[in-house]
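Structure, as structure tokens:
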Amino acid sequence: MRQFRQYPIYVSGNTLTEQEIKAEIERRLKNYDNELKTNPKLRAQVEKDLRESKQKYGKAYDYRRDHIKEYGKYDSPEPAYPSDKDRYLEAIRPDKSPKAAQYENKIIEQLETIHKTEIGKLVFDSFNPKKQLWITLLEGKEQSDCKCFAQVDEAPVKDHVQMKYPMPVANSSSRWFRTKGEDILFHELVHAYRQTFGFNIVDWYQEQGEYILVEEFVATLFQNIYLSCIGEQQFYRYSKIQMRVLSKKDYYDYLGSNVETFRTLKFFLEKEPLSIKVARWASPTFNPLRDYSIIKTIFYNNIRKK
Ligand SMILES: [Zn+2]
């Protein structure tokens, strides 16, 4: 476990591996078999159920074994093993293994890179000091669930926010990667910062045609400002259909040609604390918050043309 500077941000590479989870389920199935041998009442009930299921479905099926596999207990669908809390407590428990250290060092290194930029430092300085953010290793099956490479949510411990984030891989072969991955980590930090204040529970423009959620609009906007801070000239445009990169000019044209994105930008300029600050900055080159009046002109010119 490592803390990032003086911030309430902690990184932990500990995790329950799929093998550990499998071993625990095996252990519980074995316990169940032993209990069947020593508990005549349970055995009688199971035999009755097996007979019934054979009559009804033509197959003797013991649902208890599936319950153990799925929930950890044969007689109750709850609590699940490992429960969300079990997993979380394991994920933040200090782990001295080289694998955990490798993850922690890599994430800290990327946080340091982000901290060097003006926008990065602003986000770090804006975290809610009453909350703790835990960045924990996301691996295995879970990875396929997420839409933007990670999952950020309230943790099952009071005042904790958890960001499940995979081991960063610098994939220079992909044309989408503009950095060694730290802009993606930064995108997730924007979600996490907002989660520490509960800002991300805004139901304003929740379902957009262009973005999946308004939350993605703001995280992507800040991610692009980050890219501009490090000198990049191409910016991400996430959409439901496919991700694209655009030049600053094309990006501003796009913001001014789509009523949803234009109005969302206005909303953030009025209501979102970081956006209000960034709108006053002279830098970087790509800053739609500062350049709102330019985008507004584009927007009204488009209306006139129509
Ligand atoms: Zn996102």
Within segment 262-273, can you find the residues that are surrounded by fewer than 21 Cβ atoms within 10 Å (Cβ to Cβ) and under 25 Å from the mean Cα position of the chain (by Cα)? 267, 269, 271, 272, 273
In the set 118, 142, the lone residue that is within 15 Å of the chain's Cα centre (by Cα) and either closer than 22 Å to residue 255 by Cβ or modelled with pLDDT under 95 (or both) is 142
Which of the residues belonging to segment 51-78 are farther than 30 Å from residue 90 by Cβ and either touching a residue at least 40 places away in the same chain (Cβ under 8 Å) or surrounded by 15 or more Cβ atoms within 10 Å (Cβ to Cβ) (or both)? 53, 61
Looking only at segment 148-156, decide whether some residue is at pLDDT 80 or above, surrounded by fewer than 17 Cβ atoms within 10 Å (Cβ to Cβ), over 23 Å from residue 274 (Cα atoms) and more than 14 Å from the ligand (Cβ to nearest atom). yes
Subset of segment 239-261 [crowded, with 16+ Cβ neighbours inside 10 Å and touching a residue at least 60 places away in the same chain (Cβ under 8 Å)]: 245
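The values are calculated or read from the model by the stated rules, or taken from the named source; none is laboratory data. Only a predicted model underlies this, so the values are computations on that prediction, with no experimental measurement involved. Cβ atoms come from the backbone with ideal geometry, glycine included; neighbour counts cover every protein chain shown.
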